[in-house]
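This report refers to the structure that appears directly beneath it.
Computed from the coordinates by the stated procedures, all read-outs in this text should not be read as laboratory data. Keep in mind the model is a prediction, meaning the values are calculated, not measured. Here the Cβ positions follow ideal geometry from the backbone for every residue, glycine too, while neighbour counts run over all protein chains shown.
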Amino acid sequence: MFYKNRPKIKIVKTAFDGLIDWFNIILLVVYFVYVYLQHQHLPDMIPTHFGANGIPDDFGPKSSIWILPIIAFIILIGMRILSHYPHQLNYWVKITEENAPKQYRFGIHILRFASLYVMLLFFYISYATINIALSSEINKLGNWFLPVVMGSAIVFFLFILIKTNSIK
């Protein structure tokens, strides 16, 4: 938003930040290894899209299983780069010299958790896609999937809104 006059300060990485970063990296590696190991067993056509009811409604080549891990990798790299420029992020409150360190730290935490959320979400979708592709019966992502994803995104958004406004 209006970040031209925001203070540019360096936020020191905490042990918690390092832990989340390493968890993201390890999860990404496990994700790629899992997809790699399963790829050879997949049929030529796999589900590539699911309807709101969780039932596959489009199919494509088995190579499409790589799309989500690659996007997850790009998101992780993008979030890591953005975390070095917290003064450029959007905030719900006016950033001042006094609140900048806490707001920036929280902004960086949100980036780390958002990338973790996306990584877990994509991993589950890939896992379900592989299981459905390898199953001989009609399977689905789950009736609970869309409400849980939407609900957790709303809760995450509300948490950010409340926490941002409470940081002084």
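Can you run down the residue pairs with Cβ atoms below 8 Å, 6 or more apart or on separate chains, where the first is in segment 9-24 and under 22 Å from Pro69 (Cβ atoms) and the partner is assigned to a helix (DSSP H, G or I) and of a type in the set (S, T, N, Q)? Listed by first residue and then by second, the contacts come to Asn24/Ser115. Residue count for segment 131-164 under the criterion of being loosely packed, with under 12 Cβ neighbours inside 10 Å and among the hydroxyl-bearing types (Ser, Thr, Tyr): the result is 2. Looking across segment 69-125 at every residue that is of a type in the set (Val, Ile, Thr), in contact (Cβ under 8 Å) with a residue 12 or more places away in the chain and in a helix (DSSP H, G or I), the one that is surrounded by the fewest Cβ atoms within 10 Å (Cβ to Cβ) is identified as Ile71.
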